[in-house]
Amino acid sequence: MRQIPLKIKTLRYVADQGVVSVEDVMKHFEEYSTVDAVRMAMSRLGIEHQPYGGIRYGIWFIADRKLFDQLREYYPGLQRYKVRGESVIRKVPHSFGINYLRTMLEQSDKIKVVEWWSEEFIRSLPVYKRDGLTAHKVPDAIFWRQRKDKTRQKFFLEYERSLKSPVRYGRIFQFYAKRHDVGNRNVIYICETEQIRDKLVRIEQELVKGGKLKATDLYFNFITLEEFNRAYAQDKKESRS
């Protein structure tokens, strides 16, 4: 199997996540020794960056479609991601949250993640490969964990920094409930606050009472970010400065 250089892994990560910080990349790839090494690597790759708030070294995203050609040299069959420009930049706070969740899950010793499909990756797929996921409903991520018996379990990940309307949640919850690959609470909603989590729980309960969902505790697992952090905190690995 062809060995993939760190710079190509980094490029793939940026393509997957849409927009990243130097700190995101530093935390995700333990091979990097300093933030300066990350910054230089991304600069040499030609990844676009610009100032954003007080974030050290700003935000980074792919603005040159030619960079995707480099990825396909190492990932045969990989679809061409879309250059989203300002639409990616508008999602910075949410994207940074997803970057954090991905790193926590993939580095945790509590779970073995063997495959990760980001929103950007899913949107790069032709419609017939999305298994019913349309442009109107794409999760923040799909990932698979490996069980002890080596089989794989699929999860849908949603990160809620703020609340949508109850009507919209009703449509989303029913969308998931109709899927053949949803069950045993494998749709995980990670909520920024307890208030958001409690609101989603109430919406699910109302949908069940109204006959629009079969039951509670069947499709969804609503947890706060604090609960997530406790569940997947590292025992064996220490965070780096």
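The values are calculated or read from the model by the stated rules, or taken from the named source; none is laboratory data. Keep in mind it's a predicted model, so treat the numbers as computed, not measured. Here the Cβ positions follow ideal geometry from the backbone for every residue, glycine too, while neighbour counts run over all protein chains shown. Ligands, DNA and RNA are stripped out before the accessible areas are found, and what is left, the full protein with its side chains, is counted by its heavy atoms. Shrake-Rupley method; radii C 1.70, N 1.55, O 1.52, S 1.80 Å.
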So which GluC sites (Glu not before Pro) in the stretch 4-85 pass both tests, a DSSP loop state and at most 15 other Cβ atoms within 10 Å of the Cβ? 30, 31
Counting only protein chains, not ligands or nucleic acids, how are 104, 42 ordered by accessible area (probe 1.4 Å), most first? 104, 42
Overall form of the stretch 27-120 per C-alpha gyration tensor (a/c, 1.5; a/b vs b/c): rounded
Based on the mean of other Cβ atoms within 10 Å per residue, sort peptides 4-13, 209-218, 188-197 so the most packed one is first. 188-197, 4-13, 209-218
With all protein chains present, the stretch 56-167 has a carbon and sulfur share of its accessible area (1.4 Å probe) in percent of 51
Calculate, for the stretch 67-210, the solvent-accessible area per residue in square angstrom, rolling a 1.4 angstrom probe over the heavy atoms of the protein chains. 51
Cα shape, the stretch 1-60, gyration tensor, a/c 1.5 rule: prolate
Once the in-chain neighbours fewer than 8 apart are removed, the aspartates and glutamates whose Cα is under 13 Å from residue 214 read 204, 206
Filtered hits (aspartates and glutamates, Cα-Cα < 14 Å from residue 178, offset >= 8 within chain) -> 131
Estimated [θ] at 222 nm from DSSP helical runs (n ≥ 4, -39500 (n - 2.57)) normalised by residues in the chain, nearest 500: -12500 deg cm²/dmol
How much of the DSSP beta bridge set in the chain is antiparallel, as a percent to the nearest 5? 60
Violations at 22 Å Cα threshold for listed pairs 112/150; 110/154; 9/150; 27/154; 154/212; 110/150 -> 9/150; 27/154; 154/212
Only bridges with both residues in the stretch 115-241 count here: give the DSSP antiparallel percent, nearest 5. 50
Accessible carbon and sulfur surface of the stretch 4-44 relative to its total accessible area, %, 1.4 Å: 49
Loop-only check: which chymotrypsin sites (Phe, Trp or Tyr not before Pro) in the stretch 102-174 are DSSP coil with at most 16 other Cβ within 10 angstrom? none
Answer label, with Rg and Dmax of the Cα atoms in Å calculated from the coordinates and candidates (1) 18.5, 56; (2) 17.7, 57; (3) 18.3, 61: (1)
